[in-house]
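Novice: The structure follows.
The values are calculated or read from the model by the stated rules, or taken from the named source; none is laboratory data. If you're wondering where the values come from, they're calculated on a predicted model, not measured in any experiment. Cβ coordinates were reconstructed from backbone atoms using ideal geometry, including for glycine residues, and neighbour counts include every protein chain displayed.
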């Protein structure tokens with residue numbers, strides 16, 4: 001069973017920065033920006049849910065979500 005994804009990019013808030021600070025902050029390179037000025041995407045295989053990118057996004061476009069269902 002795949003683990004729940006806890007990081008989400010809100011493209012309504014993303015400003016597609018030339019130099020995305022969230023991309024630079026990600027030690028596992030899970031936030032990927034193909035070209036400067038394009039919106040980044042999340043590589044879920046690399047993401048470790050550290051949430052560092054959430055703190056570094058200047059526009060609050062990267063969100064920490066809780067997918068864990070309580071029993």
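Novice: For the stretch 14-45, enumerate the residues that are without any contact (Cβ under 8 Å) to a residue 40 or more places away in the chain and outside any loop (DSSP other than H, G, I, E, B). First the steps, then the outcome.
Specialist: Here is the first cut: in the stretch 14-45, the ones without any contact (Cβ under 8 Å) to a residue 40 or more places away in the chain are 16, 18-21, 23-45.
Scanning the stretch 14-45 gives 21, 23, 24, 25, 31, 32, 41, 42.
Novice: Residues of the stretch 46-56 being assigned to a helix (DSSP H, G or I) and either under 8 Å from residue 7 (Cβ atoms) or in contact with a strand residue (DSSP E or B) (Cβ under 6 Å, 6 or more places away or on another chain) (or both), which ones?
Specialist: 53, 54
Novice: Scan the stretch 57-71 for residues that are surrounded by fewer than 17 Cβ atoms within 10 Å (Cβ to Cβ), touching a strand residue (DSSP E or B) at 6+ places or on another chain (Cβ under 8 Å) and free of Cβ contacts under 8 Å to residues at least 60 places away in the same chain and jot them down.
Specialist: Filtering the stretch 57-71 for residues surrounded by fewer than 17 Cβ atoms within 10 Å (Cβ to Cβ) gives 58-60, 63-71.
Still in the running and touching a strand residue (DSSP E or B) at 6+ places or on another chain (Cβ under 8 Å): 63-65.
Passing the criteria: 63, 64.
Novice: Also, quick follow-up: Keeping to the stretch 1-15, report how many residues are at pLDDT below 95 and surrounded by 14 or more Cβ atoms within 10 Å (Cβ to Cβ). Can you show your working first?
Specialist: Taking the stretch 1-15 as the starting set, the residues that turn out to be at pLDDT below 95 are 1-8.
With surrounded by 14 or more Cβ atoms within 10 Å (Cβ to Cβ) added as a condition, the list becomes 6-8.
Number of matching residues: 3.
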